[in-house]
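The values are calculated or read from the model by the stated rules, or taken from the named source; none is laboratory data. Just so it is clear, the model here is predicted, and its values are computed rather than measured. Every residue, glycine among them, receives a Cβ derived from its backbone with ideal geometry; neighbour counts consider all protein chains shown.
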Amino acid sequence: MPIQVLLADDHHIVREGLKSLLEKEGFRVVGEAADGREAVRLAGTSHPDVAVLDLSMPSMNGLDAAREIIRSEPKTKAILLTVHTEDPYVLEALRAGVTGYVLKSQAPADLVQAIRETSRGSIYLSPGVSRIVVDAYRGKTDLPSDPLTPREREVLQLVAEGKSTKEVAGILGVSVKTAESHRSRIMEKLDIHETATLVRYAIRRGLIQP
């Protein structure tokens, strides 16, 4: 039986290209999503072997989507596609249970290899990030932990994308009061008190694209 893959990327042309590539390699694409929230929903209905998620997506980024998918579909392996090689992104992904980290600058064969290896239970890191991870685990790199909870990161991303508190509440299915409470806690934890500064923080964390 072919390996079943879920693709999530907010660029339609990128998804089409990846789908064509993977189908030529004998994989079966069982779902396509344009944002992380949709990817989580589709993973729950298609139960893919592997979910390939772009890190920077609207509504919910690839890392938080990966966390949700791994929690709800423990048999599904998650691969992140990204341009980021910095330590915090790689280590945060591994801590979240992501088993594949593929740089967009690498050849398409890199993704194919990642899918095959992660589906067998291995961890795959693109060339260029392996040394970063080894050095970090050896203690050569001091990495600050993320002060926000997964829900607070969701709220931060939506606020940084320009959503109002009412819109955030609607998307997350919570009350306006709860959404406002999340926003207040985020600002308190980060010691940030302006929306523009929140946006810059979200960009640095890779939650949204500049």
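Things to note:
- Residues (in contact (Cβ under 8 Å) with a residue 60 or more places away in the chain, in a loop (DSSP other than H, G, I, E, B) and either over 17 Å from E117 (Cα atoms) or touching a His at 6+ places or on another chain (Cβ under 9 Å) (or both)) located in the range 3-23: D9
- G100 vs. criteria surrounded by 23 or more Cβ atoms within 10 Å (Cβ to Cβ), over 25 Å from A160 (Cβ atoms) and of a type in the set (G, A, S): yes
- Count of the range 146-177 residues which are part of a loop (DSSP other than H, G, I, E, B), farther than 26 Å from L94 by Cα and within 20 Å of the chain's Cα centre (by Cα): 2
- Any hit, the range 124-147, residues being more than 18 Å from D64 (Cβ to Cβ) and modelled with pLDDT of 90 or more: yes
- A93 vs. criteria buried (at least 24 other Cβ atoms within 10 Å of the Cβ), at pLDDT below 90, under 20 Å from I123 (Cα atoms) and not hydroxyl-bearing (S, T, Y): yes
- Flag if G26 is assigned to a loop (DSSP other than H, G, I, E, B) and surrounded by fewer than 21 Cβ atoms within 10 Å (Cβ to Cβ): yes
- Filter result for S20 (more than 18 Å from the chain's Cα centre (by Cα), farther than 22 Å from E152 by Cα and surrounded by fewer than 15 Cβ atoms within 10 Å (Cβ to Cβ)): yes
- Some residue of the range 103-122 being under 22 Å from E154 (Cα atoms), in a strand (DSSP E or B), out of contact with any Lys or Arg (no Cβ under 8 Å at 6 or more places or on another chain) and not basic (K, R): no
- Members of the range 42-75 found to be charged (D, E, K, R) and outside any helix (DSSP H, G or I), listed by number: D49, D54, E73, K75
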